[in-house]
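The next block holds one structure in the form of structure tokens; read it before the comments.
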Ligand code: ASP
């Protein structure tokens, strides 16, 4: 039966979560959902975060130790970063094109504009403060931040994923350089640990339908509270803007990536999207590429046949620096705010947005709401008042869910392409991965 398959159960969990969240909001069950439903979502996210660091460490060490020669590593790194940045520039360009064509900011009634600016003014202050902290660091700080001074401290915070990647790479490189007999048990240990954690991810995913249900119901209650009418009005006022972001995200997720996959890999498109669907749903309900990382890794390795030496390197890197959805949304949001405030952004401003949105998405953390903090920096670069962020905060959480889906799909696309180019896409994992014409 179709509904016995896990990915369908997750989708059913998602739909039931939406329906239940709406019902609970209409009936005023806010406390009930917060006390009895939401915690199951938190447990699900915590479990995923719990396995993320050990998974990256084990699979990266085992993966790198399998590489016969180290020059491969820099080649893989170069290709991966090149593709990540390239796709982000395309994403921003799509965002700018869509927002200039649809002009969502032109139709917002002045009274709604006033209301939004007033009700979200305090949230803007928080984002501005956090953006200032980001801006105060020196130009080389991002590189300094990759090198941890203490492994345990690095491993104690999932936001330090690049530090973990760096440390695991060092151990992997060390293993290649020592005597085979000494290296073998260490490599076998991490190989085994990697298998164990992948198995745990399988088990955690069995809880996904319930976790996704609880997360979605919780988000809806947070958004609508016990006044769904107000939430609906907000949604209606910002519908055109929200639609612009979603159209851009769909074009990029199912257009740009599809073209890249078709031209640069032998994977059938239908299979690709089907294989990563569980990761997409988890990204949608958690709004965090970092929390979704274990699922993305499992899907790329088991569903698409990417070898672990590639997936364990490119995916944590992607979760941290590759955020096409975020960059696209930031471009749309910046131009939308300018449109509402009656400002014209010329070609130079739009080019500045391409550059700053690309950099800002690299710097954004892989957690809910990170994109909106970096938006402050983009608005400042084109001299649009940051107070304008108040206009978009009302529906930001929903768009965050959508852009996170694009973010992880981008990671999986680049990973598949890099794996294929290195001969590391094991197409026999599931036969239908292959296009019939190849
Ligand atoms: N939530 C996004 C992510 O984790 C980041 C953002 O756009 O806020 O990928």
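Residues considered: 263, 413, 356. Largest GNM mean-square fluctuation over the chain, using C-alpha springs under 10 Å, is found at 263. When you work out D = kT/(6 pi eta Rh) for the range 13-77 at 25 °C and 0.890 mPa s, using the Kirkwood radius from C-alpha pairs as Rh and the Stokes-Einstein form, the result is 158 µm²/s.
List residues of the range 357-379, by number, whose backbone nitrogen lies under 16 Å from a label position 7 Å along Cα→C-beta of residue 137. From the range 357-379, the list is 359-367, 370-371, 373-375, 377. Placing a pseudo-label 7 Å from each Cα along the Cα-to-Cβ vector at residue 150 and residue 5 gives an inter-label distance of 4.8 nm. Spin-label pair residue 85-residue 240: with each label point 7 Å from Cα along the Cα-Cβ axis, the two points sit 3.7 nm from one another.
Computed per residue of the chain from DSSP H runs no shorter than four, each worth -39500 (n - 2.57), the mean residue ellipticity at 222 nm is -24500 deg cm²/dmol. The equivalent ellipsoid that matches the C-alpha gyration tensor of the chain spans semi-axes of 36, 25, 21 angstrom, in descending order.
Relative to the longest principal axis of the Cα atoms of the chain, the long axis of helix 208-224 makes an angle of roughly 20 degrees. Classify the range 243-327: rounded, prolate or oblate, from the alpha-carbon gyration tensor (a ≥ b ≥ c, eigenvalue square roots; a/c under 1.5 rounded; otherwise prolate if a/b is larger than b/c)? The shape class here is oblate. Between 0 and 90 degrees, the angle of helix 38-66 with respect to the longest Cα principal axis of the chain falls at about 40 degrees. Computed from Cα atoms, the angle from the helix 239-251 axis to the main principal axis of the chain rounds to 20 degrees. FRET efficiency for the residue 181 to residue 159 pair, using the beta carbon distance and R₀ = 60 Å, is estimated at 0.95.
Is the range 371-417 best put as rounded, prolate or oblate by its Cα gyration tensor, with a ≥ b ≥ c the root eigenvalues, rounded for a/c under 1.5, and otherwise prolate when a/b is larger than b/c, oblate when not? Judged from the Cα gyration tensor, the range 371-417 comes out oblate (a/c at least 1.5, b/c at or above a/b).
Shape of the range 111-215 from its Cα gyration tensor (a ≥ b ≥ c, root eigenvalues): rounded if a/c is under 1.5, otherwise prolate when a/b > b/c, or oblate? Since a/c reaches 1.5 but b/c is at least a/b, the shape of the range 111-215 is classed as oblate. Rounded to 0.05, the FRET efficiency of the residue 66 and residue 121 pair, given R0 = 56 Å and the Cβ-Cβ distance, is 0.55. If a spin label sat at a point 7 angstrom from the Cα of residue 202 along the line to its beta carbon, the backbone N atoms of the range 301-330 nearer than 13 Å would be those of 302-303. Packing around the peptides 189-201, 51-63, 137-149, taken as the average count of other Cβ atoms within 10 Å per residue, puts them in this order, highest first: 51-63, 189-201, 137-149. The ranking of 26, 323 from fewest to most other beta carbons within 10 Å of each one's beta carbon is 26, 323. For residue 226 and residue 112, a Förster radius of 25 Å and the Cβ-Cβ distance give a FRET efficiency of 0.70, rounded to the nearest 0.05.
Bear in mind these aren't lab numbers, they're just calculated from the coordinates by the rules spelled out. Because the structure is a prediction, the values reported are computed rather than measured. Don't worry about glycine lacking a Cβ; one is built from the backbone with ideal geometry, like all the others, and counts go over all protein chains shown.
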